[in-house]
Amino acid sequence: MPPFRTGHVIERREVLHGRAWLTSPVTVVHDDGDRLAVRLDPGSAFTFPAHPFGVHPWAMHSEWRGAIVLQLYRAGDLYSVWKFFDPDGSFRHWYINFEAPLKRGPGHIDTDDYGLDLVVDASGQRRWKDVADLHHQRVEGRISPQTVLDVLAEAAHVEASLDRDEHWWSAWTDWSPTAPSSGTDGPS
């Protein structure tokens, strides 16, 4: 599949057991075929298709109510990296979102959130978030025991990389939604 065009709106879909159960529009900021950057803007509508598994955990939300988020994906990774901003456009924190590897389709990307997250603030301090979600998702049948092991191994790999101050998303450190043309330009 060819890279998405910068500036185009595509659907980000969370897919559970082969069926979408959350969709939201995101705007392509950069795509080189291996690494994809999209922007989630305040007010982006959430859609929750009927799903045999039941209601999505975010179904009480009709739209994204947070500030702008830059979402970075790299082919094959069991995580994406989200750069959160405050309403004034200043950097808030990095957010490592452990999820199914990105799959591309015509006009959309598919993944599924595994619940585990790692928040990295501007000073580099780290805080694990939603650690128990892996267990709950396994018990509920959302993910397999092997997926839990894979996510934990990937989490250890990410943490070790951060310990070495290695992170493939560093090219996006200076990206800001308030910089001229930042809505459509990749890292310089």
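The values are calculated or read from the model by the stated rules, or taken from the named source; none is laboratory data. All values reported here derive from a predicted model rather than from experimental measurement. Neighbour counts are summed over all protein chains in view; Cβ atoms, including those assigned to glycine, are modelled from backbone coordinates with ideal geometry. Each accessible area value is taken on the protein alone, full model and side chains, heavy atoms only, with ligands, DNA and RNA left out. Shrake-Rupley method; radii C 1.70, N 1.55, O 1.52, S 1.80 Å.
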Taking Cα pairs under 8 Å and at least six residues apart, what relative contact order does region 63-188 come out at, in percent?
-> 16 percent
Given a 1.4 Å probe, the accessible area of region 16-138 per residue, as a whole number of Å², is 44 Å²
Find how many whole Å separate the alpha carbon centroid of region 93-137 from the alpha carbon centroid of region 8-31.
-> 15 Å
If Lys and Arg each add +1 and Asp and Glu each add -1, what is the summed charge of the other residues whose beta carbon sits under 12 Å from the beta carbon of His93?
-> +2
Using the eigenvalues of the Cα gyration tensor, what equivalent ellipsoid semi-axes result for region 65-188 when each is taken as the square root of five times the eigenvalue, whole Å, largest first?
-> 26, 17, 14
Ignoring ligands, DNA and RNA, what percent of the 1.4 Å accessible area of region 1-134 is carbon and sulfur?
-> 54 percent
Starting from the Cα of His167, step 7 Å toward the Cβ, then list every residue of region 116-140 with an amide N under 11 Å from that point.
-> 118-127
Rounded to the nearest 0.05, what FRET efficiency do Ser90 and Asp34 give with R0 = 25 Å and r taken as the Cβ-Cβ distance? Could you check?
-> 0.30
